[in-house]
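Below is one structure; the comments refer to it alone.
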Amino acid sequence: MLFFSAGCAKAQEVYEIPQPEAPAGAPVVVAPAPFEKTVWRAGQNGVLKLSGPLAGYTGPLVVRDFGGRTVWSGSVAAGAATVALGVTNAGLYTLQAGDKTFSFSVVPAPKPRAAQVPGRMMIGLNTHFGPRDTPEEAFKILREVGIDSVRDEMGWGSMEKQKGVFNFIPRHVAYNAKLKQYGIPLHFSASYGNPLYPQVARYPSAEAAEPYARYVTEVLKRFGDNIIAVEVLNEPNKMGPVKDYAPVLRATTRAVKAAGFKQPVIATGGAGTGGGMVPDYARTVFGTGALSEGFSIHPYMAPFPPDTGYSPPGGAANLDAALTRAGNVVRDFNLQGVWITELGWSGMENGLVPTIENWVTPNSARTMNPEPKQAAFTARTLLVASKYPHLKAIYLYDFQDDGPIPSRREHRFGLVRQDLQPKMGFQAFAVAKDFLSDKVFVKTFQQPNSILRGNLYRDR
């Protein structure tokens, strides 16, 4: 089985690639979806319950495939609230209702999850269920695509407002219940600090190591039956790796193991040069003797592709290079592996030429990675990642758009829109994940004097 990708031009200058901004802590009001089911599995006949902008609609409906070919047409009679579409083949489709067009996805029927297939990396998505109320349809979509796991957070400051007293807010209780109901494990990003205790920026200082460790174990006591890993903080670059971070990691690992929990503790939270593109932060932390089962990286390289990246002084910055360097740390400190817990491309739409200069300027002037490019890079990321047995999991950033403004970078990282309509990137994710679910990487090859390269796979 072969898959091919093509390279692109390299950057002419080198800049520090900024990481995505953290989502706002306040709940976000999300526009209602045009129909209650935007994703279903191949072989099923989707029945749409019209809602939101399509509630009460009467008139013709036309479904077109990705190539624009009409595959179904019909109409909604007066008073009808549902419509059955004769669309059962996997693909990304558009539904035209009058002068409005919407998207839906038919995904390959999922194969066994990574937890049931020894040796296969987990493939998941970042979600923001912690900061905002989420409709049930979001959890259904994740189940339909057969997601291995999601990465999300429950902020320390939200649950411990009096020292030693923990109260879990309803939104956190609700999303954990939904994940468990739909059989979706959680990779817990234990973020950030708590103003009740000493902090470095918004992160816990060494003096807060024990209280932070208690926070982690309290979460595991409440939700641990569906948590598969604990990640110690998110992008703690402002914490000194020796003075601040290592004591927190040491205390957390000790507390988790002493309480009898079996979940791996994941270090560094994507800290380091280029989000761990160069794992200097992890190597320094582990050099203190503060060990864990592994560490995580966030090797963002937008606006460039994952397989070619960009070329700073001192070495390549692409996904192959990042995972090779990470593998050296895994080997040197006898770790279980590395986790990519964030990596993605924003599909923002402001029409600028995709150069590094446009990317690092303010929001109104940042470049775009339009949706076709976002989709291509999503699939290529998973194919490159599949080559590395020390990569235990990859969580793409992210599942759902975080805002409605097309020109804002953080508002367009999602593989589905705010109202849960799937994008091209979602379909690319679904197809690549399905392909890799029962395949084993064999080798990479490239034709001489060609930009085409291929991966060879065999059936598992």
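Is it the case that some residue within the range 183-205 is among the aliphatic types (A, V, I, L, M), under 22 Å from Gln418 (Cα atoms) and buried (at least 17 other Cβ atoms within 10 Å of the Cβ)?
yes
Could you identify the single residue in Gly164, Gly155 that is over 27 Å from Ala114 (Cβ atoms) and within 19 Å of the chain's Cα centre (by Cα)?
Going through Gly164, Gly155 in turn, just one is over 27 Å from Ala114 (Cβ atoms) and within 19 Å of the chain's Cα centre (by Cα): Gly155.
Which residues, taken from the range 318-346, are assigned to a strand (DSSP E or B), without any contact (Cβ under 8 Å) to a residue 60 or more places away in the chain and crowded, with 22+ Cβ neighbours inside 10 Å?
The answer is Val338, Ile340.
Would you confirm whether or not the range 214-233 contains a residue that is small (Gly, Ala, Ser), out of contact with any strand residue (DSSP E or B) (no Cβ under 6 Å at 6 or more places or on another chain) and buried (at least 22 other Cβ atoms within 10 Å of the Cβ)?
no
At least 3 residues that are in the same structural domain as Ala55 (by TED's automatic domain parsing), at pLDDT 90 or above and not acidic (Asp, Glu) in each: list the strands (runs of 3 or more DSSP E) lying fully within the range 80-119 that qualify.
The qualifying strands (runs of 3 or more DSSP E) are 91-97, 100-107.
So that you can scan it fast, the table gives a plain yes or no per residue for (1) assigned to a loop (DSSP other than H, G, I, E, B); (2) out of contact with any Asp or Glu (no Cβ under 6 Å at 6 or more places or on another chain); (3) at negative phi:
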| position | (1), (2), (3) |
| --- | --- |
| Ala376 | no, yes, yes |
| Arg380 | no, no, yes |
| Val384 | no, no, yes |
| Pro389 | yes, yes, yes |
| Lys392 | no, yes, yes |
| Asp402 | yes, no, yes |
| Pro406 | yes, no, yes |
| Glu410 | no, no, yes |
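Filter the range 129-159 for residues that are surrounded by fewer than 20 Cβ atoms within 10 Å (Cβ to Cβ) and either more than 30 Å from Pro422 (Cβ to Cβ) or without any contact (Cβ under 8 Å) to a residue 12 or more places away in the chain (or both) and give the result.
Gly157, Ser158, Met159
Could you tell me which of the residues Val242, Val248, Val285, Val256 is part of a helix (DSSP H, G or I), at negative phi, surrounded by fewer than 22 Cβ atoms within 10 Å (Cβ to Cβ) and in the same structural domain as His390 (by TED's automatic domain parsing)?
The match here is Val242.
Residue by residue, here is whether (1) of a type in the set (S, T, N, Q); (2) in the same structural domain as Pro211 (by TED's automatic domain parsing); (3) within 21 Å of Gln263 (Cα to Cα) holds:
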residue: Gly130; (1), (2), (3): no, yes, yes
residue: Thr134; (1), (2), (3): yes, yes, no
residue: Leu142; (1), (2), (3): no, yes, no
residue: Asp148; (1), (2), (3): no, yes, yes
residue: Gly155; (1), (2), (3): no, yes, yes
residue: Lys161; (1), (2), (3): no, yes, no
residue: Asn167; (1), (2), (3): yes, yes, no
residue: Val173; (1), (2), (3): no, yes, yes
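Sort out which residues of the range 39-79 are in a loop (DSSP other than H, G, I, E, B), modelled with pLDDT under 90 and either surrounded by 13 or more Cβ atoms within 10 Å (Cβ to Cβ) or in contact with a His (Cβ under 8 Å, 6 or more places away or on another chain) (or both), and write them in order of number.
Gln44, Gly46, Ser51
The values are calculated or read from the model by the stated rules, or taken from the named source; none is laboratory data. Since we're looking at a predicted model, the values are computed, not measured. Counting neighbours? That spans all protein chains shown, and the Cβs are built from the backbone with ideal geometry, glycine included.
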